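Colleague: Questions regarding the structure given below will be posed in turn.
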Amino acid sequence: MTGQAPALGARLVIATHNAGKLAEFRELLAPFGLDVVSAGELGLPEPEETGTTYAENARIKAETAAALSGLPALADDSGLAVQALWGAPGIFSARWAGPDKDFTGAMARVEEDLQDRGATAPEQRRAAFVAALCLATPDGDGLDVEGAVHGVIVWPPRGTLGFGYDPMFQPDGFDRTFGEMASDEKHGVVWDGAGRATGLSHRARAFGELMAALYPEGPPR
Ligand SMILES: O=P(O)(O)OP(=O)(O)OP(=O)(O)OC[C@H]1O[C@@H](n2cnc3c(O)ncnc32)[C@H](O)[C@@H]1O
Ligand SMILES: [Mg+2]
């Protein structure tokens, strides 16, 4: 293997129009010295997310951005999957917030739906954040990975950090929500001695999987 990631390239498009995700990817990619540019900065359109899975939607976003920019593109499709709601809002997590991106309203809808089902005990309020990443190249190569983090839905929401549904999600093993965690705690990655990356958030875990898939034999020298 050469010193260069096989598919990342020196310039990489982050195929998202979500400022919160973009900030997290910039932090995750910061150590690698890539020239990171977002789909929004390139003026690329937001493709319609017509897939029925996180992975399908991530691929649509990555392939669209790679084809339009001529650069490798990394996309993320993610969401909050609440067990008692059969995985909702899931791939519709962004759509629950509507065109005004009203996540206060979207979180209230999650809570209302849980209340309607009488889900008041923590074990009835289990949920996971899920992220599917797709790295696509302009010549049609694609790499798909996923990550998840399990936890519980809390009410009322707590914390002002992060974005989206962060204030109502408390990961297992913590007494704080993602909205109460500094970015490094939520999605910072830790490298083990073999060059494998792990982290807390769904996005950090998926990122670790991406690195493992790109470099199955460990980091490039
Ligand atoms: O499609 P792009 O342009 O990437 O941006 P988006 O916001 O529409 O992203 P998704 O279609 O993947 O929808 C995922 C939604 O799930 C929520 N979500 C995903 N990851 C999250 C996280 O780490 N913290 C809080 N909410 C998250 C957030 O509200 C997102 O809008
Ligand atoms: Mg979207």
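Colleague: Taking amide H atoms as placed 1.01 Å from N in the peptide plane, list the residues 5 or more away in sequence, or in a different chain, whose amide H sits under 5 Å from that of Tyr165.
Modeller: When sequence neighbours closer than 5 places are left aside, there are no close amide H contacts.
Colleague: For the chain, with the dipole built from +1 on Lys and Arg beta-carbon atoms and -1 on Asp and Glu ones, taken about the Cα centre, which of Ala194, Ala19, Tyr54 lies farthest toward the positive end?
Modeller: The Cα lying farthest towards the positive end belongs to Ala194.
Colleague: Continuing with this model, one more query. Can you give me the angle between helix 54-69 and the longest principal axis of the chain, using Cα atoms only, in degrees from 0 to 90, rounded to the nearest 10?
Modeller: Compared with the principal axis, the helix lies near 40 degrees.
Colleague: On to the next question. Along the range 132-143, what does the Karplus equation 6.51 cos²θ - 1.76 cosθ + 1.60 (θ = phi - 60°) give for ³J(HN,Hα), rounded to whole Hz, x for Gly and Pro?
Modeller: 10, 10, 10, 9, 10, 10, x, 8, x, 6, x, 9
Colleague: Moving to a separate point now. Amide H neighbours of His150 under 5 Å, at least 5 residues apart or on other chains, H built in the peptide plane: list them.
Modeller: Residues meeting the amide H criterion: Asp172.
Colleague: Working out 0.36 nm times the residue gap between Arg95 and Asp139, then minus their Cα-Cα distance, what length gain in nm do you get to one decimal?
Modeller: Full extension from Arg95 to Asp139 adds 12.7 nm.
Colleague: Quick one: work out the % antiparallel among DSSP beta bridges in the chain, nearest 5.
Modeller: Close to 80 percent.
Colleague: For the chain, take the longest principal axis of its alpha carbons; what is the angle in degrees between that and the long axis of helix 19-29, to the nearest 10 within 0 to 90?
Modeller: Tilt relative to the chain: about 50 degrees.
Colleague: Something else: Within a Cβ distance under 14 Å of Val82, other residues only, what is the Lys/Arg minus Asp/Glu net charge?
Modeller: -1
Colleague: Lys/Arg Cβ at +1, Asp/Glu Cβ at -1, dipole of the chain taken about the Cα centre: which of Trp86, Ala108, Ser183 is farthest positive-ward?
Modeller: About the Cα centre, the residue reaching furthest to the positive side is Ser183.
Colleague: Another question, if that's okay. Report ³J(HN,Hα) in whole Hz for each residue of the range 30-40, in order, from the Karplus equation J = 6.51 cos²θ - 1.76 cosθ + 1.60 where θ = phi - 60°; Gly and Pro get x.
Modeller: The phi angles translate into 3, x, 9, x, 8, 8, 9, 10, 9, 4, x Hz.
Colleague: Among the chymotrypsin sites (Phe, Trp or Tyr not before Pro) within the range 119-221, which fall in a DSSP loop and have no more than 16 other Cβ atoms within 10 Å of their own Cβ?
Modeller: Here the sparse-neighbourhood loop sites are Phe163, Phe174.
Every number in this text was worked out from the coordinates using simple rules, so none of it is lab data. As the structure is a computational prediction, the values presented were derived from the model and not from experiment. All Cβ positions, even for glycine, are placed from backbone atoms using ideal geometry, and neighbour counts span all protein chains on display.
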